[in-house]
Amino acid sequence: MKPWDVLVVGAGVAGLTVARQLTEQGAQVLVLDKSHRPGGRLATKNVGGLSLDSGCTHIRAADPEVRRLLTGWLGATFVEAPEGEAAEWAFPHSARDIAEQWAYGLKVQRTHVTHLVTGDAGHIGVVRHGFGEPIWGRSVVITAPVPQAQAMIAYSDLVLDYALDEVHYAKKQVLLAALEGDSLDPDSHWSTDIIESVRLRPHHDGSLGIEAFASDSWSEATWDDDATISHGRLLLELGLLVGSARVLDSQVMRWRYAQTASPRSEPYWRHPDLPGLWLAGDGFGYPTDADSSIERAVRSGMAVASDLGSSPG
């Protein structure tokens, strides 16, 4: 079977950016992702009949090229911030809708990639579910979080770059809840010692959707706890804010945002022994704060697409 020009592992922001740019340049690109829908952290969950965003709901970007690209793809209108700050685009629709628009026109396959194999002419195969016939590509771009990418490379018996261990992830737990009741009398600043902020989603039937974001410190400290324990504690905290309102349904999501312990200026990593293998995503480039992770992922994807387009494989 003829190999794909590029295989992209991961349908998050970086993966979609790489794939869309290269597809628009005429390359044959296949995106592989373990989720049933594209977007990564651009996620929307159905909770109690409401659609609630469980990840990011806006994009901050200082790079005019990033803003130009997203304006063209998504119709994004960035609101200029005070001088010296990044402009911001708040999603007009659900994060799921934004992700589907980002993935428009791409070939996306749901599967779990475990490792890679090498073939003739420098081609690289990705192996799904641990066994079976690989899918072959002239180049492979892994956009999964760096620890997952490193594990995939290790399972492939390829050389690791331990400098990538400098990339770590801020951890965030988010409680999604659908509530009803006339006694909603939340605290005016919508926070507790554990819940740092709340996003409200009123519904036309009188119910209320809530996205309650736990603090980074609490999320980090309880990350390894059973998810049911975190879920229960966040519900108790929510009760302090909403009084006797009844929770119809709820679930907890856990997200990781890349940050670098020692800032890495390069926008991607390329394997020294296998030049057709690239790593990209929000773990690369500047700025390193969590609020800029989407911009960082887009910029990383743009750089890979540009350099792959000029020197494939």
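Some observations on this one:
- Selected residue [under 15 Å from the mean Cα position of the chain (by Cα) and closer than 25 Å to residue 192 by Cα] from 249, 291, 224, 282: 291
- Test: residue in the stretch 198-216 that is of a type in the set (S, T, N, Q), outside any loop (DSSP other than H, G, I, E, B) and either under 19 Å from residue 48 (Cβ atoms) or modelled with pLDDT of 90 or more (or both): no
- A single entry from 151, 178, 163, 99 fulfils the requirement of being touching a strand residue (DSSP E or B) at 6+ places or on another chain (Cβ under 8 Å) and either farther than 30 Å from residue 250 by Cβ or surrounded by 14 or more Cβ atoms within 10 Å (Cβ to Cβ) (or both): 178.
- Residues located in the stretch 3-27, provided they are buried (at least 24 other Cβ atoms within 10 Å of the Cβ) and assigned to a loop (DSSP other than H, G, I, E, B): 10, 11, 12
- Selection count where residues are in a helix (DSSP H, G or I) and under 21 Å from residue 31 (Cβ atoms), scope the stretch 149-182: 6
- In the stretch 217-261, the residues that are closer than 21 Å to residue 168 by Cβ and part of a strand (DSSP E or B): 253, 254, 255, 256, 257, 258, 259, 260
- Take the conditions (1) on the phi > 0 side of the Ramachandran plot; (2) modelled with pLDDT of 90 or more; residue 181 misses just one of them, which is (2).
- Only a single criterion out of (1) among the aliphatic types (A, V, I, L, M); (2) farther than 28 Å from residue 285 by Cβ; (3) without any contact (Cβ under 8 Å) to a residue 12 or more places away in the chain is not satisfied by residue 154, namely (2).
- On inspection, residue 105 qualifies as touching a residue at least 24 places away in the same chain (Cβ under 8 Å), part of a loop (DSSP other than H, G, I, E, B), within 30 Å of residue 153 (Cα to Cα) and of a type outside the set (D, E, K, R).
- Close Cβ contacts (under 6 Å, 6 or more residues apart or on different chains) running from residues in the stretch 222-249 that are farther than 15 Å from residue 176 by Cα to residues that are among the small types (Gly, Ala, Ser) and modelled with pLDDT of 95 or more comprise 222/230.
- For the stretch 258-282, a residue qualifies if it is modelled with pLDDT of 90 or more and either aliphatic (A, V, I, L, M) or under 27 Å from residue 78 (Cα atoms) (or both), and the qualifying residues are 267, 268, 274, 277, 279, 280, 281, 282.
- Condition check for residue 308: in contact (Cβ under 8 Å) with a residue 60 or more places away in the chain and assigned to a strand (DSSP E or B): no
- Inclusion of residue 211 among residues that are outside the structural domain of residue 31 (by TED's automatic domain parsing) and touching a Lys or Arg at 6+ places or on another chain (Cβ under 6 Å) is warranted.
- Top-ranked residue in the stretch 134-148 [being modelled with pLDDT of 95 or more and not in a strand (DSSP E or B); ranked as surrounded by the most Cβ atoms within 10 Å (Cβ to Cβ)]: 143
- Any hit, the stretch 67-76, residues being aliphatic (A, V, I, L, M), surrounded by 18 or more Cβ atoms within 10 Å (Cβ to Cβ) and assigned to a strand (DSSP E or B): no
The values are calculated or read from the model by the stated rules, or taken from the named source; none is laboratory data. Being a predicted model, the structure only gives us computed values, none of them experimental. So basically every Cβ, Gly included, is an ideal-geometry build from the backbone, and we count neighbours across all protein chains shown.
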